[in-house]
Amino acid sequence: MSGAMDIRAFPDGWDVAKRLGPYTESAEVWHSHSVLQLASQLCPKNLALIVDCGIGDVFIDVNHRLHEEFIGLSIPHDYIERPGGHDPGYWNFAIQVQMHFFHSFFKSPETASI
C-alpha cells in the first residue's frame, strides 16, 4: 500500500544511501533492490498481489509503473488507485479493502493449504 516500489526514483529518501551507498556511485545496487526490478523474479502461482495507492500520493507514479510491469509479465494482481494521498485517511479505508482481498484469497480452496 502506497509503497516506494522503485527506490531509484527517490535517491535522497529514507537514508537508503546509508545502506546501499550513494545512488551516483552504486546505481547497480539500487537497481537490484528495486521492487520494480525484482518483479520479474516473482512466481505468482500462490501469490495474491494487490497494489493500492492514492492518486495524490508521492508514490503514485512508481506504483503505476509496477502495475504496468505486472501486466507486461502477465502477473495476476489487483491494482487500485483512487483519490487520496500518502496519509492515514487513505490507508484507513484502503486497509479494509485489502483485508477483504486477502480474506477471499485465504478462504479459497486452492489456497487453503498455504
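To the nearest 10 degrees, how steep is helix 88-107 against the longest Cα principal axis of the chain, on a 0 to 90 scale?
Its long axis makes an angle of about 50 degrees.
Rounded to the nearest 500, what is the 222 nm mean residue ellipticity of the chain from helices alone, with -39500 (n - 2.57) per DSSP H run of 4+ residues and division by all residues?
Helix-only estimate at 222 nm: -12000 deg cm²/dmol.
Given the options H77, H31, H100, state which has the largest fluctuation in a GNM of the chain using a 10 Å cut-off (strictly under) for Cα springs.
H100
Choose one answer from R19, R82, R65: the residue with the largest mean-square fluctuation in a GNM of the chain with alpha-carbon springs under 10 Å.
R19
Mind pulling the angle between the C-alpha long axis of helix 60-72 and the longest principal axis of the chain? Nearest 10 degrees, somewhere in 0 to 90.
Between the helix axis and the principal axis of the chain, the angle is about 60 degrees.
Can you tell me which of E69, E25, E81 moves the most in a GNM of the chain? Springs connect C-alpha atoms under 10 Å apart.
E25
What is the spin-label model distance, in nm, from K18 to D78 if the labels are put 7 Å beyond Cα along the C-beta direction?
Here the modelled spin labels are 3.6 nm apart.
For the stretch 7-111, taking Cα atoms only, what is the radius of gyration to one decimal and the Dmax to the nearest whole Å?
When restricted to Cα atoms, the stretch 7-111 yields Rg and Dmax of 15.7, 49 Å.
Just so you know, all these numbers are worked out from the coordinates, no wet-lab data involved. Since the structure is predicted, the reported quantities are computational estimates derived from the model, not experimental observations. Counting neighbours? That spans all protein chains shown, and the Cβs are built from the backbone with ideal geometry, glycine included.
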